[in-house]
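The structure under discussion appears below in the form of structure tokens.
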2 protein chains.
Amino acid sequence: MIQSIDRAAQVLSSLQGARHLGITELAGLLGLPPSTVHGIVKSLKAHGLVAKEPGGNRYMLGPALLKLSNVYLDTLDVRARAMRWTQELSRRTGLATRLGSELFDEVIVIHHNNRPDGSEQMPETGLSIPVHASAMGKILLTYNADAADQLFEKPLRSLTGDTITDPAKLILQFAQIAERGIATEEDEAVLGESSIAAPIADRNGSVIAAVAVVLPSSEWPPEDNVLNVLRETARNISRELGYTSWPPPVVRRPADD
Amino acid sequence: MIQSIDRAAQVLSSLQGARHLGITELAGLLGLPPSTVHGIVKSLKAHGLVAKEPGGNRYMLGPALLKLSNVYLDTLDVRARAMRWTQELSRRTGLATRLGSELFDEVIVIHHNNRPDGSEQMPETGLSIPVHASAMGKILLTYNADAADQLFEKPLRSLTGDTITDPAKLILQFAQIAERGIATEEDEAVLGESSIAAPIADRNGSVIAAVAVVLPSSEWPPEDNVLNVLRETARNISRELGYTSWPPPVVRRPADD
DNA sequence: GAACGTTATTCGATAATGTCGAATATGCTA
DNA sequence: TAGCATATTCGACATTATCGAATAACGTTC
């Protein structure tokens, strides 16, 4: 691990949390001398990854991130292929749908379809949710034992009264999830919001993403039809990626690094 | 400039251009030994800024960028304040609107409102357009002489037959733009698409962003009303940011670094 | 299915490079 | 306007990244 790159990433991560920070504040957070931090920030700024806040002398994240992120989304093969299927899923169930991918201990939403009822809704692409509190996260953990192991090394954060923070309970769920190819979550991330997810596998059978439908908890449990359509969607996307059998088996794969 | 951070940023930028690259390819692009590049990529990967493409041994941009970018957008004060005004602008003109900010020699779209006619439209947030070929870019260049100087050091790229690539012609436009507080562009970035932009100033009178309306070139020229509403929108946003007079004067400001 | 070529990855000695403290400049506050 | 806090520059030093060589993994061809 290259020290200065590691530190640069920490700077970005700190700014992600705090939005605006001065050099001294950053130095405090990272436990480094201000002059060192200044050098790092200066380098990041030269590439637009960090910007000076207008009219102040604090720093914030920079516009280059927006461009990079846009290219990132374009690069994702799953996303491009899944889009038409999730739209169909949304239409057939009348629910909002999400496509999610793993980012350390969170699931990040890489595509989102609004509920087709035309109500005012936020764009959710880019949203991140702790893995253990999301249906998509449970799918990803079920199929990635290494990630689960790592996750359970630290205590799990509770987001609502219903968040499951006991690893043992989650592990019990994983077994069922593997069998059914479906994970659920009720009020575990956001009160009043529940979701159901299914795995997306690529041609090697690796689960690389998850699809979910999101519904108000007041409409829980969803009709069986919703489950079937969701499962079918996940299967269709996987098929398009070159994977045919269903559901994908849970196998411990060597972490590629 | 810290060398390894600079190189890391170059890696991101290369991946932005090429989508997928192996270590050797990257090493070729940057003119570095593969082992060096490998170390950099490994460090970036540890933070999710870069990811290994599923099933291959090439690398691509990573999901952490999406999260960072989302926070970046949330951080932008202009964006939050401008949003309701641009929505109103879109409604009153019946046109798509954009909010743009400068990123080196491009304008990056930080917010976008669809044409309210309900037609199928792409989300344009994150889109980037060369400054010299966009109305928003001309606004930003008019108010940032340093950026213009830098831009003119290299020959300008032509995007359509109508792109203005002669610095002298652009400089002539800048004078008019400063006077009117309005910049235009006809088919200069995308054939069949034209736009009109106005400056957004913060409390110091620095022009930090631009608003634009985009219309099919077939509807050019727009009614006077469109110009007036656009100008009014820019003024309202600027007022909300604490700047009152209009249009903002062009003054050469010291580059803050 | 085996053997080659290609590409990724690891390792360690070297010296180039980032680091950090002190000095200076800048900007904010009272 | 003075004083303080914060950002920024500078340069000597030693840590740290670098790069070549060796190894491992991969994919491809016969």
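Every number in this text was worked out from the coordinates using simple rules, so none of it is lab data. Not measured: the values here are computed from a predicted model. Every residue, glycine as well, gets a Cβ built from its backbone with ideal geometry; the counts of neighbours run over all protein chains shown.
Does segment A:113-179 come out rounded, prolate or oblate, given a ≥ b ≥ c as the square roots of the eigenvalues of its C-alpha gyration tensor, rounded meaning a/c under 1.5 and, failing that, prolate meaning a/b above b/c? The shape class here is prolate. The fewest-to-most ranking of B:H112, B:H20, A:H132 by surrounding Cβ atoms within 10 Å reads B:H20, B:H112, A:H132.
Within segment A:108-152, what residues put their amide N at less than 20 Å from the label point 7 Å along the Cα-to-Cβ vector of A:T165? Residues A:129-135, A:137-138, A:148-152 fall inside that zone. Taken about its Cα centre, chain B carries a charge dipole of roughly 860 debye when the Cβ of each Lys and Arg holds +1 and the Cβ of each Asp and Glu holds -1.
Would you be so kind as to identify which of A:T163, B:N57, A:A133 lies farthest towards the positive end of the dipole of the protein assembly as shown, taking Lys and Arg as +1 and Asp and Glu as -1 on Cβ and the Cα centre as origin? The one lying farthest along the dipole's positive direction is B:N57. With its label point defined 7 Å out from Cα along the Cα-to-Cβ axis, A:D74 lies at 2.6 nm from the matching points of the other copies, in increasing order.
Divide the volume of the convex hull around the Cα atoms of chain B by the residue count and you get 153 Å³ per residue. Could you check how many percent of all C-alpha pairs in segment B:1-69 are farther apart than 14 Å? Percent of Cα pairs beyond 14 Å in segment B:1-69: 54.
Of the trypsin sites (Lys or Arg not before Pro) found in segment A:215-257, those that fall in a DSSP loop while having at most 10 other beta-carbon atoms within 10 Å are A:R252. Relative to the Cα centre, the charge distribution of segment A:166-243, modelled as +1 at Lys and Arg Cβ and -1 at Asp and Glu Cβ, gives a dipole magnitude of about 460 debye.
Considering only B:M83, B:Q173, B:P123, and ranking their Cα positions along the charge dipole of segment B:76-240 that arises from unit charges at the beta-carbon of Lys, Arg, Asp and Glu, the one farthest toward the positive end is B:M83.
Per-residue mean of foreign Cβ neighbours for A:53-62 is 4 (Cβ atoms of other chains, 10 Å radius). Nearest beta carbon of chain A to the A-to-B rotation axis, with distance in whole angstrom: A:S69, 2.
Projecting the Cα atoms of A:S245, A:V214, A:A198 onto the charge dipole of segment A:142-246 (Cβ charges, centred on the Cα centre) puts A:S245 farthest toward the positive pole. Exceedance of the 31 Å cut-off in Cα-Cα distance is limited, within the set A:K45/B:K138; B:K67/B:K154; A:K42/A:K154, to B:K67/B:K154; A:K42/A:K154. Taking other residues whose beta carbon is less than 14 angstrom from the beta carbon of A:L156, and scoring Lys, Arg as +1 and Asp, Glu as -1, yields -4. Longest exposed-loop-site-free stretch of chain A, with GluC sites (Glu not before Pro), DSSP loop and at most 10 other Cβ within 10 Å? With GluC sites (Glu not before Pro) excluded where exposed in loops, chain A gives A:1-119 as its longest stretch. Charge dipole (Cα centre; +1 on Lys/Arg Cβ, -1 on Asp/Glu Cβ; no other charges) of segment B:3-63 amounts to roughly 120 debye. The Cα-based radius of gyration and maximum Cα-Cα distance (Dmax) for segment B:53-145 are 15.9, 51 Å. Hull volume per residue, based on the alpha-carbon atoms of the protein assembly as shown and their convex hull, is 161 Å³. Each stretch of four or more DSSP H residues adds -39500 (n - 2.57); spread over every residue of the protein assembly as shown, this sum gives -13500 deg cm²/dmol at 222 nm.
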